[in-house]
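The values are calculated or read from the model by the stated rules, or taken from the named source; none is laboratory data. Computed from a predicted model, the values in this text were never measured in an experiment. Backbone-built Cβ (ideal geometry, glycine too); neighbour counts: all protein chains shown. Please note that ligands, DNA and RNA were not included when accessible areas were found on the heavy atoms of the full protein model with its side chains. Shrake-Rupley method; radii C 1.70, N 1.55, O 1.52, S 1.80 Å.
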Amino acid sequence: MAETSTQTFEFKAEIQQLLHILSHSLYTHREIFIRELISNAADALDKARFKTIKGEPIVDSDLEFAIWIDVDESKKTFTIRDSGIGMSQEELVKNIGTIAHSGTSEFLKQMAVQQDAGLNLIGRFGVGFYSVFMVAERVELTSRSAEAAQPAHVWSSDGQGAYDIQPADEAPRGTTVKVFLREDAQEFCQKQRVESLIKKYSNFVPFPIRVNGEQINKISAIWREPKAQVSEEQYNEFFKFIAVESENPLTWLHFSADAPIQFHALLFVPSSSRESLGFGHDEEGMQLFVRRVLVDHHAKDILPDYLRFVRGVLDSDDLPLNISRETLQENPHLLKIKNTLVAKFLSHLQELARTDEAKYLEIWRQHGRVLKEGYADFTQREKLAELLRFNSSKSADEKELISLQTYVERMPEKQAEIYYLSGPTRETVSRNPILEIFKAKEIEVLYCYEPIDEFALPGMMEYKGKKFKSADQADVKTLNDLPDKTAEKPAADYDKKDMDRLARRIKDILGDKVEDVRVSERLVDSPALLVGTDSFMSSQMQRIMMHMQHQVELPKRNLEINPRHPLLRNMEQIYRQDPQDPFLTQLALRLFDSAQWVDGYVGDPLATATGLQELLQQVADMYVKRGK
Ligand code: ADP
């Protein structure tokens, strides 16, 4: 005989916060509570079925795996029952009251930032079981674990901070959630309304869903059907179901293989990236089925991490069902399937880039950042290289993107390397004086705006035999050997020896601030430029490394001075009259400061400002003395 005492528990703080938001939420998103409850029921059924397949005993073993929904307009209730894995008393307390749904803390964070966006997010990502409190006055959840010898319990709450748990007399295996609907949520006890919502959100749930006795969903494994028999509409619907998305996918790939390993796969590319919406590292998006049975919702190792934006299904008859998920990952069959899938999928994207460029560019804009992480996958390097897109110095604006193939086709015959330069925006990159010589020679430079590029490009080594080279590491002699395209550089009517002398004096003045001072072979318009001394790392890469290692100081650089620039020619004149002239010192220091700014780095702002003010003072003095 079960004890009859009722225990009261408080919801964890984070859940209370969530419940508060939900009970005050907009009407338009409330309907998704049905999707959330059905998805919990389906998960519970999957777990129970998985247990029986492994040969483990479960309670009420002859009970059909299904979902029953009953709506009652007179009693204003919505009841959903499943014959799934159920929960013991302990699990009830832990799962419903203590542990928040996986997306909850992110959801709350987003809510704090932007109220409206947060409410949309309820619809998009769901907040699990608690969404029921958008429509419920009170909820009664009765559960009986599939484990033998666990008594049934009733969990009940009005969602206001606390919940009760008490023993239940008798219940079949699984969970029943009875929702007492709020006055303003009566639509959810209308059979027709509920049926249309099931068709909208849960049509592909692989268990029968019966509303007041009548089965509503289709239960078809569309990935096992021949492609010709699946309509575009069905693919779209199926995608929205498995990915929990409201938009159609950008593309999909459906294929089956028989030999050497039998499998069916259906892969989709979502129209937006969760990572760029600020949801952190995406979860694995592939569901693994073995002989139609769902084994893992977020299966690792079906696709590599750089394809984590892909959503889909893999189903194979050649994988063993009765082994744990962990050992499944080491399965040699799965490894072979993975290789085939990746190669096929990348080829599919390549094909799309050829046949529907606009569509491919949409995919690239959404998911390119993640895809680039594939640079370390040597087996797919060539395919991935074809998929990369870049903004370049020859693009009309930051939106225009080109492929490496286009870059190589446009290269002048004598150019041997593919040049790129990193920076946060097109503005900053295109103004970098490093590019002056490239502009003069009309050599195209790829503009890279993401830190990953600094690893991806050198990591990929080369494309069609052309090495990737950061523009600041380019060999200036090689560049200079290429013919000038734009107006001729001003004639080199300076004495190299004089300029070298000036360079040595500037090095004396700057001391440790720079590694060396050199007469530049590459500058056209700017007076000076800082360049890295490391032939291995580009300066952007050094900055990233510096960031990672929490170094405050930039590695030392060489200062290059432009011998054709009037400022440097004037400085050379001053030097000639008096190498120790304090004004020359001022100019050298300020020139260095300005080169640092161009390089995106402000050393000591206070010292720099003071120095600049001193210089202004000297210039003003001279101006006045000259007598206006
Ligand atoms: P999530 O489904 O993301 O884990 P929920 O808040 O919806 O978050 O549910 C929390 C947990 O409660 C689930 O992980 C599951 O363990 C348990 N649960 C919810 N509904 C059911 C059910 N119908 N049957 C068995 N367990 C359930």
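Which of the residues that make up the range 70-93 are without any contact (Cβ under 8 Å) to a residue 40 or more places away in the chain and among the small types (Gly, Ala, Ser)? Listed by number, the list holds a single entry, SER74. Does PRO563 qualify as being open to solvent by less than 40 Å² (accessible area, probe 1.4 Å), out of contact with any Leu (no Cβ under 7 Å at 6 or more places or on another chain) and either at pLDDT 85 or above or not acidic (Asp, Glu) (or both)? So PRO563 fits the description; yes.
Among the residues of the range 422-466, those identified as acidic (Asp, Glu), within 17 Å of ALA376 (Cβ to Cβ) and in contact with a Phe, Trp or Tyr (Cβ under 8 Å, 6 or more places away or on another chain) are ASP453, GLU462. Restricting to the range 147-193, name every residue that is assigned to a loop (DSSP other than H, G, I, E, B) and within 16 Å of the ligand (Cβ to nearest atom). Selection gives GLU147, GLN150, PRO151, ALA152, GLY159, ALA168, ALA171, PRO172, ARG173. Determine, yes or no, whether GLU64 is surrounded by 15 or more Cβ atoms within 10 Å (Cβ to Cβ), more than 9 Å from the ligand (Cβ to nearest atom) and modelled with pLDDT of 85 or more. Taking the combined requirement at face value, the residue does not satisfy it. Here is a check on your reading of the model: is THR52 open to solvent by 20 Å² or more (accessible area, probe 1.4 Å), over 18 Å from ILE96 (Cα atoms) and of a type in the set (Val, Ile, Thr)? Taking the combined requirement at face value, the residue satisfies it.
The single condition from (1) out of contact with any helix residue (DSSP H, G or I) (no Cβ under 9 Å at 6 or more places or on another chain); (2) open to solvent by 20 Å² or more (accessible area, probe 1.4 Å); (3) not hydrophobic (A, V, I, L, M, F, W, C) that ASP46 fails is (2). The requirement of being modelled with pLDDT under 95, among the aromatic types (Phe, Trp, Tyr) and touching a Gly at 6+ places or on another chain (Cβ under 7 Å) is fulfilled somewhere in the range 367-386, by at least one residue.
Here ILE34 fulfils each of the conditions (1) outside any helix (DSSP H, G or I); (2) more than 10 Å from the ligand (Cβ to nearest atom) apart from (1).
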